[in-house]
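Worksheet: one structure, shown below.
The values are calculated or read from the model by the stated rules, or taken from the named source; none is laboratory data. Bear in mind that the values here come from a model prediction, so they are computed numbers and not experimental data. Glycine gets a Cβ as well: all are built from the backbone with ideal geometry, and neighbour counts include every protein chain shown.
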Number of protein chains: 2
Amino acid sequence: MRSGIVTGIGDDCAVLAIPRGHQLLVTTDFTLEGVHFRRDWHPAAVVGRLCLTRGLSDIAAMGGDPIAAFLSLAFPRSLPQTWVEAFLQGLLRLANEFRVTLAGGDTAESRKGVVADIVVVGSVPIGEAILRSGARPGDGIYVTGELGGSSAAVEELSARRRIHPQHYPRLFRPLPRLVVGRVLRQRGLASAMIDLSDGLSTDLAHICEASGVGARILAASIPRAVVGRPGIGVDLRVALHGGEDYELLFTAPRAKRIPGRIAGIPVSLIGQITRGQRLVLIDENGAETRLHPQGWQHFSSGRSAR
Amino acid sequence: MRSGIVTGIGDDCAVLAIPRGHQLLVTTDFTLEGVHFRRDWHPAAVVGRLCLTRGLSDIAAMGGDPIAAFLSLAFPRSLPQTWVEAFLQGLLRLANEFRVTLAGGDTAESRKGVVADIVVVGSVPIGEAILRSGARPGDGIYVTGELGGSSAAVEELSARRRIHPQHYPRLFRPLPRLVVGRVLRQRGLASAMIDLSDGLSTDLAHICEASGVGARILAASIPRAVVGRPGIGVDLRVALHGGEDYELLFTAPRAKRIPGRIAGIPVSLIGQITRGQRLVLIDENGAETRLHPQGWQHFSSGRSAR
């Protein structure tokens, strides 16, 4: 995909070649100090990686292939140069991992706090983008990986407890599920898809709203992240509402056989799409409760809207 | 071009169709309070218009056609809702004028000041983008419109003098030269092009550096903006170094006949590309001085890099 860049940094625009028979995907995401990260909690390289993960994860959620990223970065004059270098290093390492070229951007001085805005451009064969609006009653609801690992870490940090990065990889080594997204698109398995950035309850509500359907979720089926040492599973509340996991949530018609793993990542059936508009949670005793979107607030009420 | 948007706001990515035989153009530009605008100087609608102008002007400078814009906007909680509404109104009015669709973006809370990041996606027939690197010795150097009008207004405001918006249209009604850029590309007239956002001396240096050439500019030929009432031409210094005019600077081989007006906009021959790397200014007495890039500082040293 590197061949997609005809002219990169250094002209008024980047010039990109889009593969013949493909449509363009574009996504843009803020990563703001005090909203999405704290400089005393997140190492600079993690913030850079997170910034690009947010964009790549949106490409993954369409079943697309990323081509190029554009970074707009504003920071206060007081910010150490080493912080900016480590930020870029974290971002470029992830870009390299997924063969995405940093093809442009803008830098400026901010009045307070680090402001990063990432744009990722990708492509998908014409008509094959997996939208939020394709879920139909009877479809199974699936998630990749485990949920709640990122917000469990933030809860520990908020309580001023020290944690080891290797016990909380979802926060300290965010990863977009690009390969899984691409496989689901290539095999025509998913009817609708979204990435889990706001939390399962909120992102499921986005799919249901866009598709005009409801959902029933089995609490016992939700894969919960194992964190800390000794490792323990996160609370159901954290798995249901915690954000920033960057796993994929998708639906698939009953006729499709969904493998238990795709590209090495576990895939769990957690419920079913229903008629109507209700989101219902079935607890471990079989009791039904209404599931309200409680997209988890990331240590600030200044939540980024998506 | 509206048909370019397959899926707009409301999914993980926007899905765009790129015309067959075209390449993609992508540009991203910050518009920051205290760097590019001041809330006490610039009405909100002007800031919204400026924000999109910055992106569209980069598309114009490649000879391209804009398709869609993406706005990332962060603002402090204290900002009046009416400011945001007027900002969007100014931006959308310009978008409508040039048939560009606002196809996505992100909003968030900033810690201080308004932070806007605009992404504009456009297209150009394969291989026809007008780059900065195509200027050759002997080419004529041309600019559209008049220069210095925007910074003349900022100088007045900085000196705490009241000015009337209608006497300073370049500041209060910024306009991208999309039609001129497209005509130059369609007729194959320009060998290199850039938009004048940093100021003539700096942007000419960008073309010369990218093309590996020098330039000789005739001071008497530089079209100076007429501002204020009664209207007077701006100082040569302001026309040479003032930024944010969003006119086009281009070069053309001697064999090409460049009309005195394109799409109603005056086009002025101001000099010639030379061998070597020097930028030389010839004053009204025929004396030569070295022209140094002095890209004008917009009321802050936190100048946006481009």
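Quick check on B:GLY4: is it at the interface with chain A (Cβ under 9 Å from one of its Cβ atoms) and either surrounded by 17 or more Cβ atoms within 10 Å (Cβ to Cβ) or under 26 Å from B:ASP195 (Cα atoms) (or both)? Yes: the conditions hold for B:GLY4.
Filtering segment A:260-305 to residues that are modelled with pLDDT of 95 or more and touching a His at 6+ places or on another chain (Cβ under 9 Å) leaves only A:LEU279.
Only one entry of A:ALA74, A:ALA86, A:ALA14 meets the criterion of being over 25 Å from B:GLY4 (Cβ atoms) and out of contact with any helix residue (DSSP H, G or I) (no Cβ under 6 Å at 6 or more places or on another chain), and that entry is A:ALA74.
In the set (1) touching a residue at least 40 places away in the same chain (Cβ under 8 Å); (2) closer than 26 Å to A:ALA44 by Cβ; (3) in a helix (DSSP H, G or I); (4) more than 19 Å from the chain's Cα centre (by Cα), A:GLN166 fails one condition alone, (1).
When segment A:229-247 is examined, which residues are found to be out of contact with any strand residue (DSSP E or B) (no Cβ under 9 Å at 6 or more places or on another chain) and either farther than 21 Å from A:LEU178 by Cα or among the basic types (Lys, Arg) (or both)?
First pass over segment A:229-247, keeping only residues out of contact with any strand residue (DSSP E or B) (no Cβ under 9 Å at 6 or more places or on another chain): A:229-231, A:237, A:241, A:243-244.
Selection gives A:ARG229, A:PRO230, A:GLY231, A:ARG237, A:HIS241.
Restricting segment B:88-123 to residues that are of a type in the set (Asp, Glu) and more than 13 Å from B:VAL47 (Cα to Cα) leaves a set whose member that is surrounded by the most Cβ atoms within 10 Å (Cβ to Cβ) is B:ASP106. Which residue, of A:GLY228, A:GLY149, A:GLY199, A:GLY181, is under 20 Å from the mean Cα position of the chain (by Cα), over 25 Å from A:ALA135 (Cβ atoms) and touching a residue at least 12 places away in the same chain (Cβ under 8 Å)? After applying the criteria, what remains is A:GLY149. For B:PRO19, the conditions (1) farther than 27 Å from A:LEU16 by Cβ; (2) surrounded by fewer than 23 Cβ atoms within 10 Å (Cβ to Cβ); (3) in contact with an Asp or Glu (Cβ under 9 Å, 6 or more places away or on another chain); (4) not basic (Lys, Arg) are fulfilled apart from (1). When you check B:GLU85 against the structure, is it on the phi < 0 side of the Ramachandran plot, touching a Lys or Arg at 6+ places or on another chain (Cβ under 8 Å), surrounded by fewer than 24 Cβ atoms within 10 Å (Cβ to Cβ) and not assigned by TED's automatic domain parsing to the domain that holds B:ALA192, yes or no? The answer is no for B:GLU85.
Among what's in segment B:22-48 and is among the β-branched types (Val, Ile, Thr) and within 12 Å of chain A (Cβ to nearest Cβ), pick the residue that is surrounded by the fewest Cβ atoms within 10 Å (Cβ to Cβ). Show your work before the answer.
Kept after step one, since they are among the β-branched types (Val, Ile, Thr), are these residues of segment B:22-48: B:26-28, B:31, B:35, B:46-47.
So of that shortlist, the ones also within 12 Å of chain A (Cβ to nearest Cβ) come out as B:26-28, B:31, B:35.
Working: B:VAL26: 25, B:THR27: 30, B:THR28: 27, B:THR31: 28, B:VAL35: 23.
Within segment B:22-48, the match that is surrounded by the fewest Cβ atoms within 10 Å (Cβ to Cβ) is B:VAL35.
Tell me, please, whether a residue that is at positive phi and either surrounded by 20 or more Cβ atoms within 10 Å (Cβ to Cβ) or among the hydrophobic types (A, V, I, L, M, F, W, C) (or both) can be found in segment A:136-154. Scanning segment A:136-154, I find at least one residue that is at positive phi and either surrounded by 20 or more Cβ atoms within 10 Å (Cβ to Cβ) or among the hydrophobic types (A, V, I, L, M, F, W, C) (or both), so the answer is yes. In segment B:66-77, the condition of being hydroxyl-bearing (Ser, Thr, Tyr) and more than 27 Å from A:ARG132 (Cβ to Cβ) is met by no residue. Restricting to segment B:124-135, and then to whatever is crowded, with 20+ Cβ neighbours inside 10 Å and of a type in the set (A, V, I, L, M, F, W, C), can you tell me which residue is farthest from A:LEU24 (Cα to Cα)? It comes out as B:ALA135.
Taking segment B:266-290 as the range and being surrounded by 17 or more Cβ atoms within 10 Å (Cβ to Cβ), aliphatic (A, V, I, L, M) and under 12 Å from B:VAL143 (Cα atoms) as the test, the residues that pass are B:VAL267, B:ILE270.
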